[in-house]
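The values are calculated or read from the model by the stated rules, or taken from the named source; none is laboratory data. The structure displayed is predicted, hence computed values, not measured ones. Reconstructed Cβ throughout: ideal geometry from the backbone, glycine too, with neighbour counts over all protein chains shown.
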Amino acid sequence: MRIIVGVKRVIDYAVKIRVNPERTGVEFANVKMSMNPFCEIALEEAVRLKEKKICTEVVAVSVGPEKSVETLRTALATGADRGIHILTEETELQPLAIAKLLSKLTAREEPGIVLLGKQAIDGDCNQTGQLLAGMLHWPQVTFASELTALTPGTTLVAKREVDSGMETVKVSLPAVVTADLRLNEPRYATLPNIMKARKKKVETLTPEDLDVDITPRLKVLSVVDPPTREAGIMVESVDELVEKLVGAKVV
C-alpha cells in the first residue's frame, strides 16, 4: 500500500509575521521558511506506518515555487521514499486548487491513504483534506490524534478529538486522514539521511500536466496588522475595579 503525504512550505513558526507594504499579504522576502508543523506530524505517521510494514512506499508531495523542493528534501531525509513537486509561480494557492491537484495526483498514484496536516499555520483554512475527500468520494478522518489499528488495503481505526472528548471511528480504505497536534512527535532528520535524500527521486509536474485550473476563486482585498493592545491599569480597590468594568460595559 502506498501513502501520499502533503508537505507545505510555510513561514517558520518562530518568525514574527509582517504584512507587506502593499497590504496584499504577508512579507516573504528574507524570511525563514520551513515545513508546516502539521505536515511534519502527518509525515512522521506515514513513516511509522512504513516501519510497521503496513505500507510499502511513502510519497511526499509539495505544491509551490521552486524552493518547495527544499521542503521535499527535508521530507525525504525524514523517511519519505520519493517526492513530487507540483511547480507553480504562485506562493499561496487556495485550498480548492490544492485539493484539485491532489485529486488528480491521487488518481495517478492510487494510494491507500492520503495523509495531510489538519491545517497550515499560514492560512489556517483547515479545508484541503475535506475538499479532497469530497472530490474523491473517499471516507475521511479529520483531526486524527491516534491511529489504533490498520488493516492494509482494508480498514483504518482512528481516534479523533471532538468537543465532548475522544471519538473512535472506523473507515474503509482508501481514505483521507488529517493529522492533529497530538498524533505523534516528529523526528529530526539525521545527517546521513540528509545526504541520502539528495539521491532520492523528485518528480516535477505543473498544474497543466494534471489539467487543473488553479485560478483563485477568492480575492484578498486587504491584509492589516492586528490593533496594538492598550496597556493595562492598576486599581486601588475592588470598588474602583467594578467602576472601571461598568464604565467599559463589561458588566
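Restricting to the stretch 100-143, what's the tally of residues that are assigned to a strand (DSSP E or B), in contact (Cβ under 8 Å) with a residue 60 or more places away in the chain and hydrophobic (A, V, I, L, M, F, W, C)?
The number of residues fulfilling the criteria is 4.
Answer yes if at least one residue in the stretch 180-194 is surrounded by fewer than 10 Cβ atoms within 10 Å (Cβ to Cβ) and part of a loop (DSSP other than H, G, I, E, B), and no otherwise.
Yes, the stretch 180-194 contains a residue that is surrounded by fewer than 10 Cβ atoms within 10 Å (Cβ to Cβ) and part of a loop (DSSP other than H, G, I, E, B).
May I ask you to verify whether Thr71 is under 24 Å from Arg198 (Cα atoms), hydroxyl-bearing (Ser, Thr, Tyr) and under 16 Å from the mean Cα position of the chain (by Cα)?
yes
Pull out all pairs, ordered by first then second residue, where Cβ-Cβ is under 6 Å, the residues are six or more apart or on different chains, the first lies in the stretch 1-29 and is at negative phi, and the second is modelled with pLDDT of 85 or more and among the polar types (S, T, N, Q).
Close Cβ pairs (under 6 Å, with a partner that is modelled with pLDDT of 85 or more and among the polar types (S, T, N, Q)) amount to Val7/Ser62; Val7/Thr71; Lys8/Asn36; Arg9/Ser68; Arg9/Thr71; Val10/Asn36; Asp12/Ser34; Glu27/Asn20.
I'm trying to understand the selection: among the residues of the stretch 35-78, which are small (Gly, Ala, Ser) and either surrounded by fewer than 17 Cβ atoms within 10 Å (Cβ to Cβ) or assigned to a helix (DSSP H, G or I) (or both)?
Ala42, Ala46, Ser68, Ala75, Ala77, listed by residue number.
I'd like to check something: does the stretch 226-248 contain any residue that is part of a loop (DSSP other than H, G, I, E, B) and in contact with a strand residue (DSSP E or B) (Cβ under 7 Å, 6 or more places away or on another chain)?
No: the stretch 226-248 contains no residue that is part of a loop (DSSP other than H, G, I, E, B) and in contact with a strand residue (DSSP E or B) (Cβ under 7 Å, 6 or more places away or on another chain).
Before we move on, is Thr215 part of a loop (DSSP other than H, G, I, E, B) and among the hydroxyl-bearing types (Ser, Thr, Tyr)?
When the stated conditions are applied, Thr215 passes them.
So, Thr154, is that one in contact with a Lys or Arg (Cβ under 7 Å, 6 or more places away or on another chain), modelled with pLDDT under 95 and of a type in the set (Ser, Thr, Tyr) or not?
No; evaluated as a whole, the condition is false for this residue.
Kindly check whether there is at least one residue in the stretch 20-31 that is surrounded by fewer than 18 Cβ atoms within 10 Å (Cβ to Cβ) and not in a loop (DSSP other than H, G, I, E, B).
yes
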